[in-house]
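Remarks on the structure that follows.
The values are calculated or read from the model by the stated rules, or taken from the named source; none is laboratory data. Just so you know, these numbers come straight off a predicted model, no measurement behind them. Don't worry about glycine lacking a Cβ; one is built from the backbone with ideal geometry, like all the others, and counts go over all protein chains shown. Side chains are part of the model used for accessible areas, which takes the heavy atoms of the whole protein and leaves out ligands, DNA and RNA. Shrake-Rupley method; radii C 1.70, N 1.55, O 1.52, S 1.80 Å.
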Amino acid sequence: AEFWQSVFGRRAPAEGQICRVSPPEADSEPLLNGGDLKGKIAVVVRGKCSFTQKALRCQAAGAAAVVVVNSAEEPLRMAGDTDGGRWVVQVPVPVVCILPSQAPSLVEGACFSLEWKGAPPRGTVHGEEHRPPSRPASGGD
């Protein structure tokens, strides 16, 4: 899946399992599944709060990167919040945007990586077609 970089996120590679954020818009503090985000690529949807607020909430919960699913089928380079002056608040993890038609390819629990190709603001999200192994259920006879 192709992505577009935000103006406020870090431009760096990232790897991790996909974790869809709850609530999907990342508009609550704390996030309902914040404990599940550590080291993962958080997937959120556009709406209800700013892109920067979404990213900061996911980063605070330990996400390695944030993928925002746009609400329209068009590229979007996300602008950020300002610090009250003229400077854009920076988020220390990669924050990118994908098209809604690409969202189904980001399977919960699958391993993905963000890779920068060519000139910013574009790159690609690559993933494996399988889920990580699950633990066997324990049970008695």
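Label zone (Ser113, point 7 Å along Cα-to-C-beta; backbone nitrogen cut-off 14 Å) within the stretch 1-22: 12-17.
Please report the relative contact order for the stretch 4-125, taking Cα pairs under 8 Å with a sequence separation of at least 6, and give it as a percent rounded to a whole number.
Relative contact order here is 36 percent.
Largest first, how would Phe51, Phe8 line up by accessible area (1.4 Å probe)?
The ordering from most to least exposed comes out as Phe51, Phe8.
Seen through its C-alpha gyration tensor, with square-root eigenvalues sorted a ≥ b ≥ c, the stretch 8-65 comes out oblate because a/c lies at 1.5 or above while a/b is not bigger than b/c.
So how do Leu32, Leu56, Leu76, Leu114 rank on accessible area, 1.4 Å probe, biggest first, that is with the largest at the start?
Leu32, Leu56, Leu76, Leu114
Listed values for the stretch 74-85 are Karplus-derived 3J(HN,Hα) couplings in whole Hz (6.51 cos²θ - 1.76 cosθ + 1.60, θ = phi - 60°), namely 8, x, 9, 9, 5, 7, x, 6, 9, 7, x, x, and x replaces Gly and Pro.
Taken per residue, the accessible surface of the stretch 4-125 reaches 47 Å², heavy atoms only and a 1.4 Å probe.
Anisotropy class assigned to the stretch 4-125 is rounded, per the alpha carbon gyration tensor with a/c under the 1.5 cut-off.
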